[in-house]
Each structure stands twice: as C-alpha cells, then as structure tokens.
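Everything on this sheet refers to the single structure shown next.
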Amino acid sequence: MSNKTAKTIVITGANRGIGYAMAKICQQRGDNVYALCRQSSAQLDALGVNVVEQVDIATQAGIDKAVSALSGITIDLLINNAGILRNEQLSELNQQTIIEQFKVNALAPLCLSHALLGNLSSGSKIALITSRMGSIADNTSGGRYGYRMSKAALNIAAVSLARDLSEENIAVGIYHPGYVQTEMVNSDGILNNGDISADVAAQRLIALMDNLTMKDSGVFKHSNGETLPW
C-alpha cells in the first residue's frame, strides 16, 4: 500500500491506545479513515476522521451499525484492532470472562470481516491485531486463560481467512503489536507497564500493513517484523 495514494482505512477500537495511534498516523498522511468504536473520545473527535460510534463488534447490532455506515464504500485496509484483556488464573477461573474474551477477541473480528467482505476487492487487505500470548509454543508462564485461548482462536481464524481469500487477492496480516503502554495492559494502575509506546507500535504495524503482500498473507508477525511461532 503506497503512501502516495490516499486509501480508505477502517479501524476498530479506534478511540484510544493503538487504535487511536493508527488512526492518527493514517489521517496525517492523507488516508480516509473510518474510526469505529463503542464510544468516541475527545482526542478521536479532534482528529477529524469519520467516527462511527455504537459499534460494539461483539454484538450483531454493532456489526450492523458498521455495515450501514460503510455502505457503498470500498475498503482498502480493514484493521481489526478492538480487543479486551481479563485476568483468569487457575486459582481464580472465571468462565464468564473467558467467554466474554472469546466473543470480543476471536469471534467478533471474524464476523465483522465477513460482514464487510462486500466492501473489499482485489488488492484490499485485512489486518488482525492479535497477541503472542495466543502462541502455544511461546507460552512459558501460563495463566491468562481467556486471553490466551481467545487470541489462539483468532490466530487460526486469521489463517483460514488468508486461505479462503487468497483467490480474491485479499491479503491477511496477523500482528502482535508488542508489549505496549496502553490502558489495557495498565489496568492495575501501574502506568509504566509495557516496553514501547502506542505510537511506536502503531508506526510499526502500519509499516507492516503497507508492505503486506499475498506472499506473507497468513503469517504471524511481531510488530518488529519477526515471524512468531504458533
């Protein structure tokens, strides 16, 4: 994807964190950005992009809202960024929060991508923001059952998407943003959790999406470009 030509980019969870940072980068370089979120933020409102609120991608009503807002619009890049993180340990297993994460992190991005297939064409791209915590080989610390399970499920869904859309010439990128300083990872109140800022993560991710081709469709990558194990 060339920066010289404005693209239409759709980003979920765009009101804060990495989603907002990606929306800002794309807006500043002249792309036509549709920022999808449950509720906007002051910083997103100030950005001057197309904000679509009341998009809870875990609900059919939210997906319908997105489809309606994007009716007739050809999407060059769909970034499935929205996600949630809860903390279940073996000693405190919570079936409800595990199911909640499955709905938001795994099922919702697949359902939204499916609902917007009519907006995609040859050369369009789908990006899924996942996590290396969904890697089985990389799991050395255990815990975080719902998050790990939902991201592993998202990863396999993304690979199926890549295979199913290959004949349509639609590439699918699967990206771990890194350990990023966002509200998600700082829910315990420690504000310096994370190795990199949301801005740095967003820059890396957008660069990978720009360079995504059919050759690396369905490959699981760290935002630093490293290929991650499943």
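The values are calculated or read from the model by the stated rules, or taken from the named source; none is laboratory data. All values reported here derive from a predicted model rather than from experimental measurement. In this analysis, Cβ positions are derived from the backbone assuming ideal geometry, glycine residues included, and neighbour counts consider all displayed protein chains.
For this structure, a couple of remarks:
- Within the stretch 124-142, residues that are loosely packed, with under 14 Cβ neighbours inside 10 Å and of a type in the set (A, V, I, L, M) have Cβ atoms under 8 Å from residues that are at pLDDT 95 or above and not in a loop (DSSP other than H, G, I, E, B) in these pairs: 136/152, counting only partners at least 6 apart in sequence or on another chain.
- One residue stands out in the stretch 1-20 among those that are among the aliphatic types (A, V, I, L, M) and over 12 Å from the mean Cα position of the chain (by Cα): the one that is nearest to residue 216 (Cα to Cα), namely 1.
- Across the stretch 80-112, the qualifying residues are those that are over 16 Å from residue 150 (Cβ atoms) and out of contact with any Gly (no Cβ under 8 Å at 6 or more places or on another chain), and the one among them that is surrounded by the most Cβ atoms within 10 Å (Cβ to Cβ) is 92.
- Yes/no for residue 147 being under 15 Å from the mean Cα position of the chain (by Cα), surrounded by 12 or more Cβ atoms within 10 Å (Cβ to Cβ), more than 21 Å from residue 78 (Cα to Cα) and modelled with pLDDT of 95 or more: yes
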